[in-house]
Amino acid sequence: DEQKYTLEGPGPEVRMDFFGTGFLAGPGGRILTNHHVAEPWWENDDMLSTEKDNLEPIVVEMTAYFPNDPRPYRMKAVKISTSVDLALLQVTSAANGPDLASLTKRPIPDLDGSASASENGAPVTLMGYPTGLDAILARTSDATADAILDAKNSSHELMVELARRRLIRPIATQGHIGDVLRDKIVYDAATSAGGSGGPLFNSQGKVIGVNFAILEGFAGSNFGIPIRYAEALLK
């Protein structure tokens, strides 16, 4: 017999995991990232069908992991821009208690939104987690990766175990600025999905942009939002 399904009444939740990058941009665990990292359905063509079906996507949980820190941290969105692909998140607690003292010891990079900070041809360094979990596992030994994958099932469990082993570290890629436009910086420092929200540094070590898009099929043009667009969120 043919079965029919409707959207009336209760039904099972569909949960999805998303990975992205962010960086400390203020005291007390304030993290700057992309709008589409904080709300993965934002301007996501693959998820537009959910809205057409009157389904509501919501964030169930946001967790941050920091290099050389064995604890996951809970986060919440504080401000989300509707005009540019930026969002400000706030760390609220650590997994084993409310103590956030370790975050205060981490350096907060200087931001530079001046015109002279981003010039055509200038060298840049991009940091982030392109490909998300895959790249983190790929940089462990085969024996370690196999042991983790055999013991853990969900993405959350895998990340917790990687953090416990202090194996979560960002990838840094280098390149040059190809163009500076009013609303974006174009550069050839390599990245991919998962690197969204990563900081773009100039040669003085100051953040000049936030990585937000790639040009598929051509690794020579990736895009960052000039950091001056984050000023309103950080006030």
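Report, in listed order, any pair from Lys79/Lys105; Lys152/Lys184; Lys152/Lys235 with a Cα-Cα distance greater than 31 Å.
Lys152/Lys184; Lys152/Lys235
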_Under 19 Å from a point placed 7 Å out from the Cα of Phe218 along the Cα-to-Cβ direction: which residues of region 154-196 have their backbone N that close?_
175-193
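Give the relative contact order (percent, whole number) for the chain; include only Cα pairs under 8 Å separated by 6+ residues.
On the way: 459 pairs, mean separation 54.6, N = 235.
Relative CO of the chain lands at 23 percent.
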_Let me spell out the model: positive unit charges on the Cβ of Lys and Arg, negative unit charges on the Cβ of Asp and Glu, origin at the Cα centre of the chain. What dipole size does that give, in debye rounded to 20?_
1300 debye
*Can you give the relative contact order of region 52-187 as a percent, counting alpha carbon pairs under 8 Å and 6+ residues apart?*
28 percent
_Per-selection Rg to Rh, region 86-185 - Cα, Kirkwood hydrodynamic radius_ = 1.06
*In whole angstrom, how far apart do the alpha carbon centroids of region 111-141 and region 148-220 sit?*
5 Å
*Relative contact order (percent) for region 139-189, with alpha-carbon contacts under 8 angstrom and 6 or more residues of separation?*
21 percent
*Which angle between 0 and 90 degrees, to the nearest 10, do you get for helix 155-164 versus the longest principal axis of the chain when only C-alpha atoms count?*
50 degrees
*Averaged per residue, what accessible area in Å² does the chain show with a 1.4 Å probe, protein chains only?*
58 Å²
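Which value results when the Cα radius of gyration for region 135-232 is divided by 2.2 N^0.38 Å?
1.32
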*Quick one: angle between helix 142-151 and the longest Cα principal axis of the chain, in degrees between 0 and 90, rounded to 10, please.*
40 degrees
*With only Lys, Arg, Asp and Glu charged, each at its Cβ (+1 for the first two, -1 for the last two), find how big the charge dipole of region 116-200 is about the Cα centre; round to the nearest 20 debye.*
280 debye
*Karplus-derived 3J(HN,Hα), 6.51/-1.76/1.60, for each residue of region 109-121, Hz, glycine and proline x*: x, 6, 10, 9, x, 6, 5, 6, 6, 10, 10, 4, x
*On the protein heavy atoms, probe 1.4 angstrom, tell me the percent of accessible surface of the chain carried by carbon and sulfur.*
51 percent
*Which peptide among 31-44, 209-222 comes first, and what is the full order, when sorted by highest mean count of other Cβ atoms within 10 Å?*
31-44, 209-222
*Could you rank the peptides 196-203, 81-88 by their average count of other C-beta atoms within 10 Å per residue, with the highest value first?*
196-203, 81-88
*Please give the calculated 222 nm ellipticity per residue for the chain, where each DSSP H segment of at least 4 residues contributes -39500 (n - 2.57) and the sum is spread over every residue; nearest 500 deg cm²/dmol?*
-4000 deg cm²/dmol
_Amide H partners (placed H, <5 Å) of His176, local residues excluded_ = Val124, Asp188, Ala189
*Would you work out the charge dipole size for region 151-235 about its Cα centre, treating the Cβ of every Lys and Arg as +1 and the Cβ of every Asp and Glu as -1, and quote it to the nearest 20 debye?*
400 debye
*Considering amide H positions built from the backbone, and no H for Pro or chain starts, which residues 5 or more places from Thr92, or on another chain, come under 5 Å of its amide H?*
Arg74, Met75, Lys76
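The values are calculated or read from the model by the stated rules, or taken from the named source; none is laboratory data. These figures come from a predicted structure and were not determined experimentally. Quick reminder, even Gly has a Cβ in these numbers, built from the backbone with ideal geometry, and neighbours come from all protein chains shown. Keep in mind that these areas ignore ligands, DNA and RNA; they rest on the heavy atoms of the full protein, side chains included. Shrake-Rupley method; radii C 1.70, N 1.55, O 1.52, S 1.80 Å.
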